[in-house]
Amino acid sequence: MVHTPINSMENCVQKTTIERLRVPRPGDRNEVAKTYYPPELRAAIVGTGGIARIHGQRIQDLGSRVVGVCGRDLSKAQALAAELQPAGRRGGFRRRDGIEPFADLGRMLDETGPDVLHVCSPHGFHAAHALEAIKRGIHVICEKPMTTTVEDAQRLLDASEAAGIHAAVCLTQRSYPMVAELRGRILSGEIGKLQAVRGGFLSWDSSHENWGWGFDPAIAGTSYATADLGVHWLDLVEHVTGSRISQVDARFSTLRPTRVKDGREVDVQAEDYVRVFLQLSDGTPGSAVFSGVCAGEPNACFIDVDGMDGGFHWQADDPNVLRHRRADASILTIARDPERLSADAGRIAFTPAGHAEGFGDAFRNLIRDVYAAIGGDPVAYPTFADGRRLVSVVHAIQESAQTRKAIDID
Ligand SMILES: NC(=O)c1ccc[n+]([C@@H]2O[C@H](COP(=O)([O-])OP(=O)(O)OC[C@H]3O[C@@H](n4cnc5c(N)ncnc54)[C@H](O)[C@@H]3O)[C@@H](O)[C@H]2O)c1
């Protein structure tokens, strides 16, 4: 069955559905429980690894359907399709209502005609995979980093704008309620004029000696710790301060210069440890560390923002609290309580205070906002313009490390 590609928001979702499932606007706090579900869309996924599974589960949590899964080899696509198969439909891949596995992306898009493609493949394939959807007028949600080169990022941005589709990048830190709360409090001046930002992203994903695709420049690009890990922090600092990173001065190390691939030691070129000084467009100085070799730190993305009158601390592995350091030396812990948060944060907080929300919820929030926007609601989400900007910040950090000089960013 060949579906007509969907290329306008008008025919993407039935109007009645959009109205019934309207996403709340700031201030509509009581609407939250009634409007959990965005419009029901038909989604396809390319990539069959860890993050593809999270996307698939969240799409289904939101009441939408996964119609196709595409992998490099069919058996992996079949395995993920079987895992995501809704109860009652397991045991076979029925064309009409099941999740079909594919090894060819173009075929999947033509045969299943999805409303949206989730690009969950390794970084180096994002551009080609997203373009397959864009040229068919299909909306895209692309994993980070958006691309491995600035040229590809610009090409994707231009193509998505020309196609008039919704194009989002998974800068998921923004979708935690306490990050929305942090942004609101900083922008309202609660800690006064900003003095400095600090933080980083520490991981031990690659502490072991094994080689992974993240070290293959043909698949992951030439940067590891900055493009894969740091990109989350770089977006976070711009998002919560409302300022742009205008200058970077970085140094790279490759602390594990060889790794074991198929039983043989191979050289690694990409950086696994980064220290960077930066300056924001309002003059605020900052510093960060990105590490893929930090034993005992599974995924520590953390930020401190210092102002004249106090400071805030947030970290992704304890995401339900925001710490407020105050000028009188007291430290206030602000808990995620949907009833007490700002409207922007409360809009994406669902479980009652004390019942933790986390990584999967942030993913759901991001997908929910993009789907709502596809349905016609004026909901903000991280766009391809944001993705392109971050690719150029990553590129500037690489250039700075290579030249050992500070690099200005437009
Ligand atoms: N937004 C987030 O918080 C977040 C978190 C994790 C990963 N990601 C991103 O998601 C993407 C996928 O990461 P993952 O964690 O799912 O990785 P993974 O290693 O779990 O899966 C990668 C997938 O790519 C496939 N693959 C590996 N080598 C390939 C090759 N040479 N050619 C084609 N396919 C190949 C694998 O078979 C697998 O299906 C990456 O771009 C990553 O940055 C984002």
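Number of residues in the range 260-312 that are in contact with a helix residue (DSSP H, G or I) (Cβ under 6 Å, 6 or more places away or on another chain) and assigned to a loop (DSSP other than H, G, I, E, B) equals 5. The criterion of being closer than 24 Å to Asp410 by Cβ and not hydroxyl-bearing (Ser, Thr, Tyr) holds for Val274.
Looking across the range 172-224 at every residue that is polar (S, T, N, Q) and touching a His at 6+ places or on another chain (Cβ under 9 Å), the one that is nearest to Arg251 (Cα to Cα) is identified as Ser223.
Considering the conditions (1) within 30 Å of Asp115 (Cβ to Cβ); (2) surrounded by 22 or more Cβ atoms within 10 Å (Cβ to Cβ); (3) touching an Asp or Glu at 6+ places or on another chain (Cβ under 9 Å), Leu366 is excluded by exactly one of them, (3). Looking across the range 230-271, the residues that are in contact with a Phe, Trp or Tyr (Cβ under 6 Å, 6 or more places away or on another chain), surrounded by 16 or more Cβ atoms within 10 Å (Cβ to Cβ) and either under 15 Å from Gln402 (Cα atoms) or polar (S, T, N, Q) (or both) come down to Asp249, Ala270, Glu271. Candidates are the residues of the range 232-259 that are of a type in the set (D, E, K, R) and in a helix (DSSP H, G or I); the one that is nearest to the chain's Cα centre (by Cα) is Asp235.
Take Val197 and tell me if it is closer than 30 Å to Glu297 by Cα, assigned to a helix (DSSP H, G or I) and either more than 16 Å from the ligand (Cβ to nearest atom) or in contact (Cβ under 8 Å) with a residue 60 or more places away in the chain (or both). No, not satisfied. Looking only at residues in the range 131-162 that are farther than 17 Å from Gly56 by Cα and under 16 Å from the mean Cα position of the chain (by Cα), the one that is farthest from the ligand (Cβ to nearest atom) is Ala153. Scanning the range 172-194 for residues that are in a helix (DSSP H, G or I) and among the hydroxyl-bearing types (Ser, Thr, Tyr), we see that the one that is nearest to the chain's Cα centre (by Cα) is Thr172. Annotation for the range 319-326: at least one member residue is touching a helix residue (DSSP H, G or I) at 6+ places or on another chain (Cβ under 9 Å), at pLDDT 95 or above and outside any strand (DSSP E or B). Residues of the range 327-336 that are at pLDDT 95 or above and in a loop (DSSP other than H, G, I, E, B): Ser330, Arg336. If the condition is being farther than 21 Å from Thr284 by Cα and either touching a residue at least 60 places away in the same chain (Cβ under 8 Å) or away from the ligand (no atom under 11 Å from the Cβ) (or both), then the range 200-213 contributes Leu202, Ser203, Trp204, Asp205, Ser206, Ser207, His208, Glu209, Asn210, Trp211, Trp213.
Answer yes or no: is there a residue in the range 105-117 that is under 21 Å from Leu390 (Cα atoms), at pLDDT 95 or above and of a type outside the set (Phe, Trp, Tyr). So far as the range 105-117 goes, no, none of its residues is under 21 Å from Leu390 (Cα atoms), at pLDDT 95 or above and of a type outside the set (Phe, Trp, Tyr). What about Asp205, is it modelled with pLDDT under 95 and either in contact with a Phe, Trp or Tyr (Cβ under 6 Å, 6 or more places away or on another chain) or assigned by TED's automatic domain parsing to the domain that holds Pro352 (or both)? Criteria met by Asp205. List the pairs whose first member sits in the range 219-246 and is closer than 16 Å to Gln398 by Cα and aromatic (Phe, Trp, Tyr), whose second member is in a helix (DSSP H, G or I) and near the ligand (Cβ under 10 Å from one of its atoms), and whose Cβ atoms are under 7 Å apart, counting only residues at least 6 apart or on separate chains? Every condition considered, the pairs that remain are Tyr224/Gly214.
For the range 1-101, give me every one of the helices (runs of 4 or more DSSP H) that falls completely inside it and has 1 or more residues that are at pLDDT below 50 and farther than 23 Å from Phe363 by Cβ. Ranges flagged: 15-20. Does Ile165 satisfy the criteria of being within 16 Å of the ligand (Cβ to nearest atom) and not in a strand (DSSP E or B)? Spelling it out, it is not the case that Ile165 is within 16 Å of the ligand (Cβ to nearest atom) and not in a strand (DSSP E or B). Pairs linking a residue in the range 344-362 that is in the same structural domain as Val379 (by TED's automatic domain parsing) and free of Cβ contacts under 8 Å to residues at least 60 places away in the same chain to a residue that is among the hydrophobic types (A, V, I, L, M, F, W, C) and not in a loop (DSSP other than H, G, I, E, B), with Cβ atoms under 7 Å and 6 or more positions apart or on different chains, are Ala353/Ala335.
The values are calculated or read from the model by the stated rules, or taken from the named source; none is laboratory data. Note that the coordinates shown come from a computational prediction; the quantities given were computed from them, not determined experimentally. Note that we place each Cβ from the backbone using ideal geometry, even for glycine, and neighbour counts take in every protein chain shown.
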